[in-house]
Ligand SMILES: [Zn+2]
């Protein structure tokens, strides 16, 4: 396995549509392994192939704190979605920034594994957010296009949330601290 270089916003490869994978070659397997290693190494919870400069439809995701539930999805497609959630996201391709994005609260994603078996995964909340974020990469979209308001510096987010927690009471304060917790995990 090897670490891959992460492409950053402004690199044209991040704006292109990735191609469907018809066959899992040894090269694709290596890519999947390298993507997982790169994601774990950089503290991300998801990574899409265009982020390492490869225009193929493959993403890796692991939203667990223990980093022990890697998901590798080939040709993933959202076939159902409902509800709504709003929260902060970051992206390994947009270092140091975060922004508030509204996403479906629940999605069902159909994908192939590395043996080209077909699976359907029902994802809610944070995992649903990660799936939506990564699949956007495959179509050349970054979360920054969907941000409510402005992008913020990740380091400023904590201060903003502290203020919001003070201003709000009860439930709202709880929400703000949930968001703060999530902040650590939303580099995708
Ligand atoms: Zn991303």
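Condition check ((1) touching a helix residue (DSSP H, G or I) at 6+ places or on another chain (Cβ under 7 Å); (2) in a helix (DSSP H, G or I); (3) modelled with pLDDT of 75 or more) across all residues:
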position	(1), (2), (3)
100	no, no, yes
107	yes, no, yes
110	no, no, yes
141	no, no, yes
145	no, yes, yes
166	no, yes, yes
174	no, yes, no
179	yes, yes, no
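Scoring residue 63 on the criteria (1) under 17 Å from residue 126 (Cα atoms); (2) assigned to a strand (DSSP E or B); (3) in contact with a helix residue (DSSP H, G or I) (Cβ under 6 Å, 6 or more places away or on another chain) leaves a single failure, condition (2).
Can you name the residue in segment 48-60 that is surrounded by 23 or more Cβ atoms within 10 Å (Cβ to Cβ) and part of a strand (DSSP E or B) and is also farthest from the ligand (Cβ to nearest atom) among such residues? Explain how you work it out, then say what you get.
Quick first cut of segment 48-60, residues surrounded by 23 or more Cβ atoms within 10 Å (Cβ to Cβ) only: 48-51, 57-60.
Applying the additional criterion that residues be part of a strand (DSSP E or B) yields 48, 58-60.
Numbers: 48: 7, 58: 14, 59: 10, 60: 12 Å.
Checked segment 48-60; the qualifying residue farthest from the ligand (Cβ to nearest atom) is 58.
A single entry from 149, 90 fulfils the requirement of being exposed (fewer than 14 other Cβ atoms within 10 Å of the Cβ) and either under 28 Å from residue 20 (Cβ atoms) or touching a residue at least 12 places away in the same chain (Cβ under 8 Å) (or both): 149. Select from segment 3-27 the residues that are in a loop (DSSP other than H, G, I, E, B) and touching a strand residue (DSSP E or B) at 6+ places or on another chain (Cβ under 6 Å) and write down the one among them that is surrounded by the most Cβ atoms within 10 Å (Cβ to Cβ). This residue is 18.
One residue stands out among those in segment 37-47 that are within 16 Å of the ligand (Cβ to nearest atom) and surrounded by fewer than 19 Cβ atoms within 10 Å (Cβ to Cβ): the one that is farthest from the chain's Cα centre (by Cα), which is 41. The set of residues from segment 119-136 being surrounded by fewer than 22 Cβ atoms within 10 Å (Cβ to Cβ), part of a helix (DSSP H, G or I) and more than 11 Å from the ligand (Cβ to nearest atom) comprises 125, 126. Among the residues making up segment 66-83, a single one is modelled with pLDDT of 95 or more, touching a helix residue (DSSP H, G or I) at 6+ places or on another chain (Cβ under 6 Å) and either within 13 Å of the ligand (Cβ to nearest atom) or not in a strand (DSSP E or B) (or both): 70. Every listed requirement among (1) within 16 Å of the ligand (Cβ to nearest atom); (2) touching a helix residue (DSSP H, G or I) at 6+ places or on another chain (Cβ under 8 Å) is met by residue 95 save one, (2). The residues listed here are 86, 38, 30; of these, the one that is assigned to a strand (DSSP E or B) and modelled with pLDDT of 95 or more is 86.
The values are calculated or read from the model by the stated rules, or taken from the named source; none is laboratory data. Being a predicted model, the structure only gives us computed values, none of them experimental. In this analysis, Cβ positions are derived from the backbone assuming ideal geometry, glycine residues included, and neighbour counts consider all displayed protein chains.
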